[in-house]
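> Quick one: the structure is below, questions incoming.
The values are calculated or read from the model by the stated rules, or taken from the named source; none is laboratory data. Values in this document were obtained by computation on a predicted structure and should not be read as measured data. All Cβ positions, even for glycine, are placed from backbone atoms using ideal geometry, and neighbour counts span all protein chains on display. With ligands, DNA and RNA removed, areas are computed over all heavy atoms of the protein, side chains included. Shrake-Rupley method; radii C 1.70, N 1.55, O 1.52, S 1.80 Å.
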Amino acid sequence: MPLPPLKIVSARANDPKNVTLEGYLANGGYQGLKRAVLEMNPEDVRDQVMQASLLGRGGAGFEAGRKWSMLKKSDIRYLVINGDESEPATFKDHMLVESDPHQLVEGALIAGYAIGAARVFIFLRGEFALGFERVQNAINEAYDYGAIGRDIFGSKFSIDLVLHPGAGAYICGEETSLLESLEGKRGFPRIKPPYFPAVIGLYGKPTIVNNVETVANLPWIVKNGASSFTDLGAGRSRGTRMFALSGQVNRPGTYELEMAKNTFRDIIFDPEFGGGLRPGRSLKAIIPGGVSAPWLGPDQLDVVLGQDEVAAVGSMLGSGSIIVMDDSTCMVKAAWRISKFFARESCGQCTPCREGGSWIEKVMNRIESGAGREEDLDLLMDLCDNIVPGVSWPPQQTTICVLGPSIPSSVAVSIKMFRDEYLTHIKEGGCPYD
Amino acid sequence: MSRFTKEMETRAYELLALYPEKRSATIPLCHLAQEQNGYLTEESMVQIADLVGTTPAEVLGAASFYDMLHTEPVGKYVVGVCTNIACLLQGGEELLGHAEEKLGIATGATTDDGMFTLEDMECIAHCDHAPALQVNYRFFGPLTNDGFDTLVDDLSAGKLESEVPPHGTLSRVQRKHPIAVPLEEIVRHRRDSDAKEGERLAAKAAAEAKEGSN
């Protein structure tokens, strides 16, 4: 049985008044920021976050405290909040910005104080129009309240915060691409090295890029202390995590769960959470962590939802999304749709991604539509091998960013798990599920 | 006509003032131009280039990269049906097919009366409401075919004007505050606070070293 959820970032999500300053303050809002700027030095805040073992909630799972410690000393350094949530089936940040905009603002300001940012930018996915209105309203209220601007809360700390809209491009979730976009350019990921914006980031200045959910944890951590945070979870995975459950499950939604304490079975089948599959249906596959992640089968339902635990079975916790597919789903079609997504969203800079992704989509489409040939399976694996040598996991990097190397996993894993289904498409000249 | 009106120009200068480098305002200004004209005209891209200090080609280069920026006229309502994996599993493709039939246009096209443009979208992060769609980036879902018909009829009848502003209006809430502290002042302040932090950390390290040697 899953444990009763202790909520951190979604604690106020169901209170409609919470989107206003008045409601947020009534719910204990801005106490973390007040404590930080009035009672703590920036290095104390950084120590707390380091001790909390707060793993980045964007997808890569890099420790936030360590990321901050890599920030190069410079008179001008920036903080950019990555709210460009576009990973398929990931919708936790969508929920967080709409239901608790002040928590995002407060968390961003705490991070800005901790790293001494000259200015904070919240880069929000353009398609989140309601979220944009709510966060902009929260920022307006926070300026009036004295939480942003000159000498915030009467401290000696001054900072400005700017909400910046994206304009629709999956690739801008990649942090260097996001910075290019914020500089007013096409969202082309930057060549590495330098590997981290912490060295060369926005306008060439050291920059920290943190995910929405990551900074949403900061008010709670500062208020309650790092040890309360590490009391939750296990191993490297501490605190809670927002999971976005979707697909063929009775109760899709966002669920905040203690890290590393529940399994896929818990979140999919417990009546409090996913509530199981539709009557008469059985589980065919799960896509954890975003569509870059290798799929898991029904025999892996008892894998624990923790960063290292999911990595140990050859996939990833990633963005915290979980897509459930039952036995009415065509696996070829599912894998084709994912390949179509990558083909559309490739920025086009690197050949393996631009050409490979597009050819994989064409071959997948041919099989799904009934014109496939048996040798297409080898062809697909060869294309995958050209993007990621050896089709290894985690993938070997052959391109500027990780979009390209993300393409092969769903194709390769679906061929491995459901080869017969591919062969049926080819032999019968069409999709058996149509 | 497609250059910024006086009122919009004021908003454009407010946006430009938010960034340490003007070019960062390119995308916000493109959204602003779409709010005024529904799409990005050549004339407005030339004006934006002038405002941010780059070339019209660079503005077009950026504009053509992003799905939300349109360099051709679009309908008053841009209907984007999600067909990515989570919606696909719940009938997103079928919903898009129905939308083509109901609106009488192919995906990517605009109705003759200029009311609707239909788009096939990648994941819109509304997966717990699949199959989902956006109208001018406002969320709807889960939608049945009948629900889609009602939505389109309501939009046509002007019943949803408060929920869904015309295409291009990204946010009906405007920023109220200019930048409060100039960057030069912040830089001086950070230099001082970094120096003090350095002293604190050095004192702490010295104290720890002393403790260690005792």
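> Taking region B:131-150 on its own, how many of its residues are part of a loop (DSSP other than H, G, I, E, B) and either crowded, with 20+ Cβ neighbours inside 10 Å or touching a residue at least 12 places away in the same chain (Cβ under 8 Å) (or both)?
Going through region B:131-150 one residue at a time, the tally reaches 7.
> Could you please give the count of residues in region A:59-78 that are closer than 19 Å to A:Arg236 by Cα and either away from chain B (no Cβ under 14 Å) or in contact with a Gly (Cβ under 6 Å, 6 or more places away or on another chain) (or both)?
9
> Another one. Looking at (1) open to solvent by 10 Å² or more (accessible area, probe 1.4 Å); (2) facing another protein chain (nearest Cβ under 10 Å), which is the one condition that is false for A:Leu202?
(1)
> Continuing with the same structure: Please tell me if A:Gly116 is within 9 Å of another protein chain (Cβ to nearest Cβ), on the phi > 0 side of the Ramachandran plot and over 14 Å from the mean Cα position of the chain (by Cα).
yes
> Which one of B:Leu118, B:Leu95 is buried (at least 23 other Cβ atoms within 10 Å of the Cβ) and over 22 Å from A:Gly126 (Cβ atoms)?
Matching residue, one of B:Leu118, B:Leu95: B:Leu95.
> Here's something else I'd like to know. Out of the residues in region B:161-172 that are open to solvent by 40 Å² or more (accessible area, probe 1.4 Å) and not small (Gly, Ala, Ser), which is nearest to the other protein chains (Cβ to nearest Cβ)?
Looking at residues that are open to solvent by 40 Å² or more (accessible area, probe 1.4 Å) and not small (Gly, Ala, Ser), I get B:Arg172.
> Kindly indicate whether A:Pro193 is modelled with pLDDT under 95 and out of contact with any Leu (no Cβ under 6 Å at 6 or more places or on another chain).
yes
> Just a yes or no: is a residue in region B:178-185 under 39 Å from the mean Cα position of the chain (by Cα), part of a loop (DSSP other than H, G, I, E, B) and touching a residue at least 40 places away in the same chain (Cβ under 8 Å)?
yes
> Still on this structure, please answer the following. Do the conditions hold for B:Ala125, that is, is it crowded, with 20+ Cβ neighbours inside 10 Å, of a type in the set (Gly, Ala, Ser) and in a helix (DSSP H, G or I)?
No; evaluated as a whole, the condition is false for this residue.
> Output the residues belonging to region B:104-122 that are in a loop (DSSP other than H, G, I, E, B), more than 8 Å from chain A (Cβ to nearest Cβ) and among the acidic types (Asp, Glu).
The answer is B:Asp112, B:Asp113.
> Here's something else I'd like to know. Return the only residue of B:Leu96, B:Leu89, B:Leu69 being at the interface with another protein chain (Cβ under 10 Å from one of its Cβ atoms), in contact with a Ser or Thr (Cβ under 8 Å, 6 or more places away or on another chain) and modelled with pLDDT of 95 or more.
Unique residue meeting the criteria: B:Leu89.
> Could you check region A:11-57 and list, in sequence order, the residues that are open to solvent by less than 10 Å² (accessible area, probe 1.4 Å), under 21 Å from the mean Cα position of the chain (by Cα) and within 30 Å of A:Asp270 (Cα to Cα)?
The answer is A:Ala52, A:Leu54, A:Leu55, A:Arg57.
> Look at A:Thr214 and say whether it is within 17 Å of A:Leu55 (Cβ to Cβ) and open to solvent by less than 40 Å² (accessible area, probe 1.4 Å).
yes
> Does any residue of region A:363-385 turn out to be within 25 Å of B:Glu122 (Cα to Cα), open to solvent by 30 Å² or more (accessible area, probe 1.4 Å) and part of a loop (DSSP other than H, G, I, E, B)?
yes
> Does at least one position in region A:206-225 carry a residue that is part of a loop (DSSP other than H, G, I, E, B) and more than 26 Å from A:Phe123 (Cβ to Cβ)?
Yes, region A:206-225 contains at least one residue that is part of a loop (DSSP other than H, G, I, E, B) and more than 26 Å from A:Phe123 (Cβ to Cβ).
> Residue by residue through region B:49-88, note down the ones that are in contact with a strand residue (DSSP E or B) (Cβ under 9 Å, 6 or more places away or on another chain), open to solvent by 20 Å² or more (accessible area, probe 1.4 Å) and part of a helix (DSSP H, G or I).
Residue satisfying the conditions is B:Leu88 alone.
> I'd like to verify a number: residues in region A:282-302 that are more than 14 Å from chain B (Cβ to nearest Cβ) and within 20 Å of the chain's Cα centre (by Cα), how many?
Of the residues in that region, 2 qualify.
> Please enumerate the residues belonging to region A:392-411 that are surrounded by fewer than 21 Cβ atoms within 10 Å (Cβ to Cβ) and either part of a helix (DSSP H, G or I) or among the hydrophobic types (A, V, I, L, M, F, W, C) (or both).
If the condition is that a residue be surrounded by fewer than 21 Cβ atoms within 10 Å (Cβ to Cβ) and either part of a helix (DSSP H, G or I) or among the hydrophobic types (A, V, I, L, M, F, W, C) (or both), then A:Trp393, A:Ile400, A:Val402 are the ones that fit.
Residues checked against (1) closer than 25 Å to A:Leu383 by Cβ; (2) touching a residue at least 60 places away in the same chain (Cβ under 8 Å):
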| site | (1), (2) |
| --- | --- |
| A:Asp266 | no, yes |
| A:Pro271 | no, no |
| A:Leu283 | no, no |
| A:Gly289 | yes, yes |
| A:Asp299 | no, no |
| A:Ile322 | no, yes |
| A:Thr329 | yes, yes |
| A:Ala334 | yes, yes |
| A:Gln349 | yes, yes |
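> Let me ask something else about it. Tell me, which helices (runs of 4 or more DSSP H) lie completely within region A:251-349 with 3 or more residues that are over 30 Å from A:Gly372 (Cβ atoms)?
A:264-269, A:307-312
> Working carefully through the options A:Arg278, A:Arg236, find the one that is within 14 Å of chain B (Cβ to nearest Cβ), surrounded by fewer than 23 Cβ atoms within 10 Å (Cβ to Cβ) and among the basic types (Lys, Arg).
A:Arg278
> If you don't mind, there's one more thing I want to ask. Could you say which residue among B:Glu185, B:Glu197, B:Glu211 is farther than 30 Å from A:Ser246 by Cβ and more than 10 Å from every other protein chain (Cβ to nearest Cβ)?
Every option except B:Glu211 fails the conditions.
> Same structure again: Does A:Leu245 meet the test of being within 15 Å of the chain's Cα centre (by Cα), open to solvent by less than 30 Å² (accessible area, probe 1.4 Å), aliphatic (A, V, I, L, M) and not assigned by TED's automatic domain parsing to the domain that holds A:Glu87?
Yes: the conditions hold for A:Leu245.
> Can you run down the residue pairs with Cβ atoms below 7 Å, 6 or more apart or on separate chains, where the first is in region A:176-187 and under 11 Å from A:Val209 (Cβ atoms) and at pLDDT 95 or above and the partner is of a type in the set (Phe, Trp, Tyr) and crowded, with 24+ Cβ neighbours inside 10 Å?
Going by the 7 Å Cβ cut-off, the qualifying pairs are A:Leu178/A:Phe123; A:Leu182/A:Phe121; A:Leu182/A:Phe123.
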